[in-house]
Structure formats: C-alpha cells, structure tokens
1. Go through (1) in a strand (DSSP E or B); (2) at pLDDT below 95 for GLU184 and report which single condition fails.
2. Would you please name the residue that is surrounded by the most Cβ atoms within 10 Å (Cβ to Cβ), looking only at residues in the range 127-151 that are of a type in the set (D, E, K, R) and over 15 Å from the mean Cα position of the chain (by Cα)?
3. For the range 85-112, give me each residue that is farther than 19 Å from GLY174 by Cα, in contact with a Leu (Cβ under 7 Å, 6 or more places away or on another chain) and within 11 Å of the ligand (Cβ to nearest atom).
4. So, in the range 93-148, exactly how many residues are under 14 Å from ARG80 (Cα atoms), of a type in the set (A, V, I, L, M), assigned to a loop (DSSP other than H, G, I, E, B) and in contact (Cβ under 8 Å) with a residue 60 or more places away in the chain?
5. Restricting attention to the range 162-178, and to residues there that are β-branched (Val, Ile, Thr) and either within 16 Å of the ligand (Cβ to nearest atom) or more than 20 Å from GLY86 (Cβ to Cβ) (or both), which single residue is farthest from the chain's Cα centre (by Cα)?
6. Considering (1) away from the ligand (no atom under 16 Å from the Cβ); (2) within 21 Å of HIS100 (Cβ to Cβ), say which one VAL181 fails and leave the rest.
7. Can you pull out every residue in the range 184-203 that is closer than 14 Å to ALA85 by Cα and away from the ligand (no atom under 16 Å from the Cβ)?
8. Hey, does the range 16-23 have a residue that's out of contact with any helix residue (DSSP H, G or I) (no Cβ under 7 Å at 6 or more places or on another chain), assigned to a strand (DSSP E or B) and modelled with pLDDT of 60 or more?
Amino acid sequence: MTAASALAALLAFAPVQAADEFERYLQRAKELKEHRDDDLDEGPVLKVLKEHGLLAKAEDGSFRTGFRPFHVRVYGGMWRWPLKAGIVSSEYGKRWGKRHQGIDIAADVGVAVMAAAPGRVLFAGESQGGYGNVVILRHDEKTTTLYAHNEKLLVRANDTVGAGQTIALLGSTGRSTGPHVHFEIRVREKAVNPRKRLVKSRF
Ligand SMILES: [Zn+2]
C-alpha cells in the first residue's frame, strides 16, 4: 500500500462531523501507526471463554454451554460500531507476520465505548494479557465481543447490556501507545474480521 492509498484508506473511515474533529482523530491514528498490539496475549481471554463454557465440549462432541441462548437484535442486520466516531488505525489480519485479532479505532480518551450488540458481561476488569481494562460481552451461544485498553469500566460481570449501551470510557491502558479501542468479535475462540459484521459506511 502506498502512502497516498494508506491516507485515502484512513480518510474513507472518517466520520467527518467537523473538520477539526477529523483532524484530531487523524492525529490519533498517526500516533498509533507504530502500535503493535498484535502481540496481545489472548490466554486470559480464552480462559474467560473456557470458564463460561464457550469452549467446552460435551461427551457427544456438542458444545455444552449451560447457557440459555437469547436472540441478538442488531442494527439493520449488522452490528454497531463501538464508538460514535474515530478512525480505524489498524485493521484485522496479519501484520508483521502476526495476526491482529481485532481492529483498532483511534479516538479521544474518555469517549463512550459502546456495546456492539445486546448481551451479557462475561468479564470486566484488568487483563493480564496486555489488553488493559477490558470488557468481554457474550451475545449468544458462541459469539463474544471484546473492548480493550479502556480508561474506565462502567459495567460488571453478569450485567445485561443493550446494543449501543456505554460500557466503558476509552483509554490507553495495557500494552498501548495511544488512546484507542481494540475491538474483537470472536466465534468461540476464533477471532473473526469485525468489518464483516459492522455497518459498512460508519467509519
Ligand atoms: Zn488492536
């Protein structure tokens, strides 16, 4: 990717609500350019998923969750972005030979981080894996979302949350070089590309 196309890619995600706001987000994204949280240790995350039965298999080979499925209502068939505005500074996928398990969205410290879909809080606290203050939400039998590097958490384990509900305030805690949310969607243990589920035109 050339520098020009990289910039064009950044611009494409701009909310463009106000020129100065966009400039600020662009600056945040630039600050994060060298950020490498692809080395986040997902061990603690997998531990949480395992504890809640997401990774446990019954003797018949089926997944035993002990969890009542509930319907996930999503926005226009898609999931909501976890921020009202910001710039994606790093996409899901391979970077420097390692896999980035989510997307990074640069924004200002203290802005609302919102639930991407209705669900229940599996974990809210400080993670040992470099994620900083992290929230993990469960949306159905096998799907979870994760919001990392928060400044402050506004939910607790077992809370029920609605789509778009503020669950944390954005920050730069854990292994992070600037304010952003590292956002993951997982189906069982496997992280999937969030852009495949999020509304396309938002950022
Ligand atoms: Zn990240």
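1. With (1) in a strand (DSSP E or B); (2) at pLDDT below 95 applied to GLU184, the lone miss is (2).
2. It comes out as LYS142.
3. none
4. 1
5. The qualifying residue farthest from the chain's Cα centre (by Cα) is THR177.
6. Status for VAL181: all satisfied but (1).
7. VAL199, LYS200, SER201, ARG202
8. There is no residue in the range 16-23 that is out of contact with any helix residue (DSSP H, G or I) (no Cβ under 7 Å at 6 or more places or on another chain), assigned to a strand (DSSP E or B) and modelled with pLDDT of 60 or more.
The values are calculated or read from the model by the stated rules, or taken from the named source; none is laboratory data. Just so we're clear, the structure is a prediction, and the values are computed from it rather than from any experiment. Methodologically, a virtual Cβ is constructed for each residue, glycine included, from the backbone with ideal geometry; neighbour enumeration extends over all protein chains shown.
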